[in-house]
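Report on the following structure.
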Amino acid sequence: MRRKALIRTAAITAAAAALATGCKTTELQGGAGSSGTPRPAQTTRAGEPTRAAPARTHHRPAHRPRVHRTTPPRTPSPPRRTAPAAPAAVVAPGTSGERVRELQARLAQLGLFGRNPTGYYGTVTQTSVRSFQRGHGLPATGSVDRRTWAALRGATRPPTRDELHPPTTNPLAKPDPRCLTGHVLCISKTSRTLAWMIDGRVAAAMDVRFGSQYTPTREGLFTVDFKSRDHVSTIYHTAMPFAMFFSGGQAVHYSADFAARGYSGASHGCVNVRDRAKIAAVFDQVRAGDKVVVYR
């Protein structure tokens, strides 16, 4: 009994000492030291025991297979289609010369060119060429390549000199029946041309213009009343060289204004001629009493 009381007293004393110092026992980690004696636990400055730091372990990631990134193959782009080269032109728009004049004369034979040849390849000629190409199953380029030129030559005959170098800008109109006999100044308002005809044959031809809507040139059958080589208008005080009067004050005569301005102007009722040499030659042939026919 006494021994048990002593043991209990010693335990109480030890517990009181532990509370007084603040220390507490810990189990050794890592077992005994090299001497075989247990290592005391380390304490902090405040007397707090320090916990043993966990052992550092280096966790190496599991080996991952290296992924080789490959660029997806590019789909090859289709080759660019280039337009086929246009055939070389035998006659091209914007050019001028005798070859253009021949082209226009051949187109006129087919009724595709409504003017007399000018020798200049403009928009009117280009439109005519397109019409021909469409009618013959050719590419309608408006430019004359070798195929077009060969087809055109096969469809027409060689133009005559008069067809290549006509006396007027516009083709002569079909003559009025009253122009087919005798000596006649045959004047067409539709074609704006004058033909000096002798017994149904055209001896000379020239471009003409007429009066405005306020002073129109009269139409009908007339005769030459009188001629005046160096006439000057008493009303308008303008020169009227090589005048051949046929209806009151209206006459066929040379006009410097027509020669300079073309069809942008108009007369006061007379028939203006712009080719001085031609009207001078006809003036010498016409006689008073010869017929004058003005028609549409």
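The values are calculated or read from the model by the stated rules, or taken from the named source; none is laboratory data. Being a predicted model, the structure only gives us computed values, none of them experimental. Backbone-built Cβ (ideal geometry, glycine too); neighbour counts: all protein chains shown. Note: areas computed on protein heavy atoms with side chains; ligands, DNA, RNA excluded. Shrake-Rupley method; radii C 1.70, N 1.55, O 1.52, S 1.80 Å.
Odds and ends about this structure:
- Scanning the stretch 185-219 for residues that are at pLDDT below 95 and of a type in the set (F, W, Y) yields a single hit, Y214.
- Where helices (runs of 4 or more DSSP H) sit wholly within the stretch 123-211, those with at least 2 residues that are buried (at least 19 other Cβ atoms within 10 Å of the Cβ) occupy 123-135, 146-155.
- Residue check for G114: of a type in the set (G, A, S), open to solvent by less than 100 Å² (accessible area, probe 1.4 Å), under 25 Å from V202 (Cβ atoms) and modelled with pLDDT under 90: yes
- Of all residues in the stretch 64-99, those being under 24 Å from the mean Cα position of the chain (by Cα) and either surrounded by 14 or more Cβ atoms within 10 Å (Cβ to Cβ) or at pLDDT 80 or above (or both) number 9.
- When residues of the stretch 283-296 are limited to those that are touching a strand residue (DSSP E or B) at 6+ places or on another chain (Cβ under 8 Å) and charged (D, E, K, R), the one most open to solvent (accessible area, probe 1.4 Å): R296
- Leading residue by the ranking (nearest to the chain's Cα centre (by Cα)) among those in the stretch 215-265 that are within 18 Å of K189 (Cβ to Cβ) and aliphatic (A, V, I, L, M): V252
- Taking the stretch 214-282 and the strands (runs of 3 or more DSSP E) fully enclosed by it, the elements with 1 or more residues that are crowded, with 18+ Cβ neighbours inside 10 Å and at positive phi are at 239-247.
- Checked against the criterion of being within 25 Å of G94 (Cβ to Cβ), modelled with pLDDT of 95 or more and within 31 Å of the chain's Cα centre (by Cα), the stretch 168-175 has no qualifying residue.
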